[in-house]
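For reference, the structure discussed in these notes is given below.
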Amino acid sequence: MTRRSVTVIGGGLAGITAALDCARAGAEVTLLESRGRLGGAVYSFDRDGLHADNGQHVFLRCCTAYRELLADLGATEMVTLQRQLRIAVLAPGGRRGWLSRGSLPAPLHLAPSLLRYPFLSPRRRLSVALAMRRLGAVDVNDPRADARSFGDWLTSHGQDADAVQALWGLIVRPTLNLLPADASLAQAALVFQLGLLQDAAAGDLGHARVPLGDIHDRAAQRALAAAGVTVHLRSSAAAIVPGATGFGIEISGAPTQRAQAVVLAVPHDRAARLAPAAAGLDGPALARLGRSPIVNLHVVYDRPVLDVPFAAGIGTPVQWVFDRTESSGITAGQYLVVSLSAADEDAAAGGDELRARYERALAELLPAARDAAITTFFATRDTAATFRAGPGARAWRPPATTALPGLALAGAFTDTGWPATMEGAVRSGHAAARVVLSVPVGSEEPEIALAAPVAGRSA
């Protein structure tokens with residue numbers, strides 16, 4: 001019996017997941033990654049002895065597909081997951097509140113925390129509770145909900161700017177990488193329903209205890225090798241050429257790969273350029289998905305200034321701040337990462353401007369930082385971190401299938417129903433694997449009529 005051959009283009013979370021699924025189903029799998037590492041948009045690097053991640057990535061207990069991938073990679077012990085949701089919310093001047101879950105069933109598990117939340121007046125607390133109940137009834141698969149702005153919905157349900165700043169924006173901005181006014185109602189409703197309203201434990205937060213590269217690169221390479229996947233790093237696909245019984249994958253500076261099936265697991269703009277015309281991808285629709293930036297500020301103090309593992313900020317430019325000292329390799333002081341989502345303005349700012357703005361903001365937010373010295377400060381920017389899950393975006397997200405049998409799409413931009421998260425990427429990889437594994441296997445090696453290389457196309 002002929003063994004199915006599958007080539008996966010792209011070594012991010014979607015590609016890793018698809019490759020593992022296909023290999024474990026008995027396929028002969030090759031994974032091509034243009035970079036010198038795996039992990040895609042989730043990676044780490046060293047800078048002057050500091051082990052840093054490109055950004056602060058978190059997951060929730062409800063992110064079951066990502067957590068299963070961690071187990072597949074043998075990386076479960078490399079992350080930490082809260083036993084019970086508890087988020088410190090800080091405001092300038094030392095004010096502090098908490099968002100946490102109690103022992104009541106969902107959605108009442110949030111009630112005690114909301115009743116004590118100091119950044120909402122009693123009237124606003126009641127209004128927020130009523131709006132959350134109504135948000136739980138939104139049909140996230142209704143195109144009308146997807147076409148509506150979450151900000152418009154909040155206004156129509158009595159949520160003013162103070163409520164948006166104190167609560168709604170704290171959750172929507174980091175999960176959708178958009179301001180509430182720019183986000184799809186359906187996508188925002190999905191976040192609240194899955195993370196906070198349907199299961200009391202679903203919103204417990206998790207994050208890596210080690211550099212992200214230990215998980216999504218080194219552990220992933222070990223797991224792929226154990227599954228029999230052949231991984232080629234620094235191998236950039238230049239074209240996918242369909243043939244009678246398979247595909248040719250032209251690689252810059254290397255021989256053409258041949259496979260009966262292909263998983264294209266690259267960002268949406270690259271997928272539009274790399275997929276053959278016969279795949280039927282709607283290039284203009286993919287372009288309308290756009291991009292939204294994330295900026296992370298890496299700040300090392302000469303002493304501890306944050307007394308919790310992470311915190312959200314209100315009334316300050318600091319959105320979320322995380323203590324990453326444990327995984328950083330430093331032996332003195334404290335290493336903080338400030339995560340800034342929907343960061344269009346900050347992405348365009350220079351390093352000196354960012355330092356001036358956020359050194360002052362951190363001193364206002366963290367009293368202990370006022371007398372501390374910053375020994376290291378730099379920024380990492382991803383101007384195309386995610387697609388924009390704005391009103392109507394779901395109609396532009398393609399399925400895993402294409403018009404070419406045996407060619408599947410993977411990536412958080414595909415129509416998983418989830419926003420652009422690690423969970424969405426992993427789910428897309430599973431979906432793409434199901435597509436290519438459903439194609440019947442021929443009895444012979446693929447005979448492919450190769451076309452001339454297409455200049456400028458790469459993964």
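The values are calculated or read from the model by the stated rules, or taken from the named source; none is laboratory data. None of the values given here were measured: they were computed from a predicted structure. As a convention, Cβ positions derive from the backbone with ideal geometry for all residues, glycine included, and neighbour counts pool all protein chains shown.
Could you check the stretch 313-366 and list, in sequence order, the residues that are hydroxyl-bearing (Ser, Thr, Tyr) and without any contact (Cβ under 8 Å) to a residue 24 or more places away in the chain?
THR325, THR331
For ALA208, state whether it is buried (at least 18 other Cβ atoms within 10 Å of the Cβ) and under 29 Å from ASP346 (Cβ atoms).
Yes; evaluated as a whole, the condition is true for this residue.
Tell me, which residue of the stretch 369-398 that is out of contact with any helix residue (DSSP H, G or I) (no Cβ under 8 Å at 6 or more places or on another chain) and surrounded by fewer than 16 Cβ atoms within 10 Å (Cβ to Cβ) is nearest to ASP46 (Cα to Cα)?
Top of the filtered list is THR375.
I need every pair where a residue in the stretch 375-386 that is under 13 Å from LEU178 (Cα atoms) and in contact (Cβ under 8 Å) with a residue 12 or more places away in the chain has its Cβ under 8 Å from the Cβ of a residue that is part of a strand (DSSP E or B) and hydrophobic (A, V, I, L, M, F, W, C), sequence separation at least 6 or different chains.
Qualifying pairs under 8 Å: ALA385/ILE294; THR386/ILE294.
Specify which of the listed residues (LEU196, LEU224) is crowded, with 21+ Cβ neighbours inside 10 Å, more than 23 Å from SER44 (Cα to Cα) and not hydroxyl-bearing (Ser, Thr, Tyr).
LEU196
So, in the stretch 376-410, of the ones that are under 25 Å from ARG173 (Cα atoms) and among the hydroxyl-bearing types (Ser, Thr, Tyr), which residue ends up farthest from the chain's Cα centre (by Cα)?
Here the answer is THR380.
Select, from ALA349, ALA332, ALA372, ALA356, the only residue that is outside the structural domain of GLY169 (by TED's automatic domain parsing) and touching a strand residue (DSSP E or B) at 6+ places or on another chain (Cβ under 7 Å). Let's see the steps before the verdict.
Numbers: ALA349 fails: touching a strand residue (DSSP E or B) at 6+ places or on another chain (Cβ under 7 Å); ALA332 fails: touching a strand residue (DSSP E or B) at 6+ places or on another chain (Cβ under 7 Å); ALA356 fails: touching a strand residue (DSSP E or B) at 6+ places or on another chain (Cβ under 7 Å).
Of the residues listed, the single one that is outside the structural domain of GLY169 (by TED's automatic domain parsing) and touching a strand residue (DSSP E or B) at 6+ places or on another chain (Cβ under 7 Å) is ALA372.
Take ILE171 and decide whether it is crowded, with 18+ Cβ neighbours inside 10 Å, assigned to a helix (DSSP H, G or I), touching a helix residue (DSSP H, G or I) at 6+ places or on another chain (Cβ under 7 Å) and free of Cβ contacts under 8 Å to residues at least 40 places away in the same chain.
Details: crowded, with 18+ Cβ neighbours inside 10 Å: yes; assigned to a helix (DSSP H, G or I): yes; touching a helix residue (DSSP H, G or I) at 6+ places or on another chain (Cβ under 7 Å): yes; free of Cβ contacts under 8 Å to residues at least 40 places away in the same chain: yes.
Judged against the criteria, ILE171 is a match.
Please give the number of the condition HIS232 fails out of (1) under 24 Å from PRO293 (Cβ atoms); (2) not in a loop (DSSP other than H, G, I, E, B).
Tallying (1) under 24 Å from PRO293 (Cβ atoms); (2) not in a loop (DSSP other than H, G, I, E, B), HIS232 fails exactly one: (1).
Mind telling me which of the residues ALA52, ALA27 ends up being over 30 Å from SER121 (Cα atoms) and touching a Pro at 6+ places or on another chain (Cβ under 8 Å)?
Going through ALA52, ALA27 in turn, the sole match is ALA52.
Quick check on the stretch 55-63. Is at least one of its residues within 19 Å of the chain's Cα centre (by Cα), charged (D, E, K, R) and farther than 22 Å from VAL263 by Cβ?
Scanning the stretch 55-63, I find at least one residue that is within 19 Å of the chain's Cα centre (by Cα), charged (D, E, K, R) and farther than 22 Å from VAL263 by Cβ, so the answer is yes.
For the stretch 8-52, name all the residues that are polar (S, T, N, Q), over 19 Å from PHE413 (Cα atoms) and outside any loop (DSSP other than H, G, I, E, B).
From the stretch 8-52, those polar (S, T, N, Q) are 17, 30, 34, 44; that's our starting set.
Next, from what is left, pick out any that are over 19 Å from PHE413 (Cα atoms): 30, 34, 44.
Selection gives THR30, SER44.
Taking the conditions exactly as written (modelled with pLDDT under 95, at positive phi and surrounded by fewer than 21 Cβ atoms within 10 Å (Cβ to Cβ)), does GLY253 satisfy them or not?
yes
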